[in-house]
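What follows is a set of notes on a single structure, which appears directly below.
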Amino acid sequence: MLRTITPSEMKRVETRVMRETALTGDRLMQNAAAHVAQAVRRRMAGRAGQVVCLCGTGNNGGDGLAAMRMLAQEDPAFRGTCLLLPGTLSADAQRELSRLREAAEDRVAVRRAEDGLALPQEAACAVDALFGTGLSRPLEGAARAACEALNALAEAGVPVVAVDIPSGLNGETGQVMGAAVRACETITFHRPKPGLYLGQGPDFAGEITVADIGLSAPEAAALDDADGMRVLERGERLLPPRAKTAHKGNLGRVVLWAGSRGMAGAAAIAATAALRAGAGLVTVACPDDVVDVVQTLCPCATCAPLPMDDEDAAWEALSAALERADALGAGCGLGRGPMAAALMERLLRFLHGRALPCMLDADALNLLARRPAWLADGAAIVLTPHPGEAARLLGVSTAEILADMPGAAARIRRRYGAAVVLKGARSVLCAQEGLALNPFGTPAMAKGGSGDALTGVMAALLAGRAAGAYAMDDLLLMQAACALHGLAGERAVRRYGERGMLATDLCQCLGLDFWEDEAREDAKPCAAPSPLGRTVHVTVEHRRGARDAQGRVYELPCGHVAECLESENRWQDACLMGMSGSPEWFEGEVAARVRLAGGDMWVVAPKGTRLAPEEVRRATAFLGPAEGVEVR
């Protein structure tokens, strides 16, 4: 699981690591640039033309210049253009400019923005290395013109890769400062920045790739004490498999108080979602005049009819259902009429003194806002407002909520004593354990019924935990519910399209084993029996001739395969053979695998290279005795 880090905390951690370890700023920049170069290579695959890199005068520009040098060193046919903003380059950026000119001046044109902003028309990919997370003022002048030039390329279909954060986007809040670059992918370093998810961030960041630049190494990670919001990664499994002896009674009994005349569909969607999310039993407590509709739409749920002409009889039926429940979900399509308001008053009194997990959504929140009350009383209670409902709960404007979603979620938690899912393009979650962001979902979910589906999923997970089917804290449970909901939406949109997808389609995709085909290859441990012949990218950490702290001399360039984790969740070690020099980043094929006492070492060579076992054994002897060598 990831945690976000604010720009100021990132700067503090980097400074501390460079001061207290052997990791230098130059090494961090080379690692960052290698990831940017890898993304550019991936994005321009199959596209003709050159790479255009727009660079600022700071370290973000240095990252871009270093990436262009690496791309040129890797491919003799590479062609590129670097455009530098006016001003004096930082020492690191100046160093990278000198290295680029020395290595590839004939293939990468470098010019200043004063000479004009006209960009090559035949661009295959563009790099936004204008400004990093330290930008604190709106873009203007040449910087804004450069941003607009990149956006013009993006509109023309050229992929734009942003370095750390799209230029012009506030790294902490996600607000656009005058103008911002619209990237198709953002390579953010070490830990994701909150602004990539908050505010307008999702519209500008594109795909977010979190790149390890060396700050995750044990000696550096021990110095990273920055707090942050939790962010789930694709591929993380949160719910264990069911016991073979499981039955519906020990998988959670959900009661949904939902629906009204004209809004029976909301109750049916919530019930369907609860069942598909794994609840063993679901009962919908709804007005007696919509029972037939709900049971037709969701025949697997039972109903508890509530007489709408008798408050006492309605409460008796609802409370009887609650006595048998493991969790309650309330509010979907409920309405705000006198009967709903009266039952809500009774429900709040009922919840005090009982450890019944409960989530309130939609009209239950609007009724709660009329008479705010402290809710927590020994039970897990979750509120799931959208920004308008959150504004009513706090008595402020919706604009105030949108300006600071994490702050608003924390204020609702303090006021009502409940955990909070503040819904949005990237929902903010707040519980006793802290804050989290949900990175999953699609704009197709901005449609009636999607919130009702989340109510069902959340209620099902609350009930399953209460029944003992699994154990997790409140924040992780909310993250799991939002992830199940968002990933189901992502799968549904591939089936039905962004405009055509319905909440009922989302429900159909809940519960499918989407982790395997959703998880990116670089998020999963490499479990293939043999990597031989696989094309990989190696980030070089130890150049040929370098000496480590123990005095060992590296006779081959050594580093790691950035897109692959070993079984113990460490980067796969690799060394380079069959080539001259000692590049900082290399794409080639795995030509051999050497089994060492400390784990496997992959030998990566130019594509098509064939190596003999003894040749590999001799070349890698400096690493220690080989227990075995496997070649193509």
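The values are calculated or read from the model by the stated rules, or taken from the named source; none is laboratory data. In this text the structure is predicted, and so the values were computed from the model without any measurement. Counting neighbours? That spans all protein chains shown, and the Cβs are built from the backbone with ideal geometry, glycine included. Each accessible area value is taken on the protein alone, full model and side chains, heavy atoms only, with ligands, DNA and RNA left out. Shrake-Rupley method; radii C 1.70, N 1.55, O 1.52, S 1.80 Å.
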Per-residue HN-Hα couplings for the range 332-345 [Karplus 6.51, -1.76, 1.60; θ = phi - 60°; Hz; x = Gly/Pro]: 5, x, 6, x, 10, x, x, 5, 4, 5, 5, 5, 5, 4
At 1.306 mPa s and 10 °C, Stokes D of the range 197-299 from Kirkwood alpha-carbon radius, µm² per second: 87 µm²/s
Cα-based reach from Lys193 at 30 Å (exclusive), listing lysines while leaving out same-chain residues under 8 positions away: Lys11, Lys423, Lys447, Lys524
Derived scalar couplings ³J(HN,Hα) [the range 152-164; Karplus, 6.51 cos²θ - 1.76 cosθ + 1.60; whole Hz; x for Gly, Pro]: 5, 5, 4, 5, 7, x, 7, x, 10, 9, 9, 8, 6
Surface per residue (accessible, 1.4 Å probe) for the chain, Å²: 40 Å²
Estimated FRET transfer efficiency (Asp312, Arg415; beta-carbon r; R0 30 Å; 0.05): 0.45
R0 of 35 Å, Cβ-Cβ distance Ala341-Glu433: FRET efficiency to nearest 0.05: 0.60
10 Å-binned pair-distance histogram of the range 1-129 (Cα, whole percent): 13, 42, 31, 14, 1
Point-to-point label distance, Leu512-Ala446, nm (Cα→Cβ direction, 7 Å offset): 2.4 nm
Share of carbon and sulfur in the accessible heavy-atom surface of the range 318-362 [1.4 Å probe, %]: 52 percent
Separation between Cα centres of the range 1-66 and the range 261-329, rounded to whole Å: 53 Å
Computed Rg/Rh of the range 263-383, alpha carbon atoms with Kirkwood Rh: 0.93
Simple Cβ-charge dipole of the range 186-326, Lys/Arg +1 and Asp/Glu -1, about Cα centre, in debye nearest 20: 720 debye
Space enclosed by the convex hull of the alpha-carbon atoms of the range 360-410, per residue, Å³: 74 Å³
Ellipticity estimate at 222 nm from DSSP helix runs (n ≥ 4, -39,500 (n - 2.57)) divided over the chain, nearest 500: -11000 deg cm²/dmol
Where only alpha carbons of the range 115-237 are counted, the Rg and the Dmax (Å): 15.5, 53
Among 612-620, 193-201, the order from most to least packed when residues are scored by Cβ within 10 Å on average: 193-201, 612-620
Packing-based ranking, highest mean first, of 34-43, 246-255, 485-494 given that Cβ atoms within 10 Å are counted: 34-43, 485-494, 246-255
Distant-in-sequence amide H partners of Val284 (H built 1.01 Å from N, under 5 Å): Leu256, Thr302, Cys303, Ala304
Stokes-Einstein D in µm²/s, Kirkwood radius over Cα pairs - the range 1-71 at 37 °C with 0.692 mPa s viscosity: 237 µm²/s
Unit charges at the beta carbon, dipole of the range 104-165: most positive-side option, Leu119, Leu150, Gly134: Gly134
Three-way shape call for the range 354-451 based on the alpha-carbon gyration tensor, with the a/c threshold at 1.5: rounded
Interchain or long-range residues, amide H under 5 Å from Leu383's placed H: Leu360, Ala419, Val420, Val421
Karplus (6.51, -1.76, 1.60) ³J(HN,Hα), θ = phi - 60°, over the range 171-178, in Hz, Gly and Pro reported as x: x, 9, 9, x, 7, 7, 9, x
Sulfur and carbon atoms: percent of accessible area, the range 264-312 [1.4 Å]: 53 percent
Contour minus Cα-Cα distance for Asp288 and Lys248 (0.36 nm per residue): 11.8 nm
Angstrom value of the Kirkwood radius, inverse mean 1/r, which spans all Cα pairs in the chain: 26.8 Å
Unit charges on C-beta of K, R, D, E only; dipole of the chain, Debye: 240 debye
Sulfur and carbon atoms: percent of accessible area, the range 409-482 [1.4 Å]: 49 percent
Protection proxy ranking of 578-584, 291-297 - average other beta-carbon atoms within 10 Å, highest first: 291-297, 578-584
The chain: antiparallel DSSP beta bridges as a percent of all, rounded to 5: 40 percent
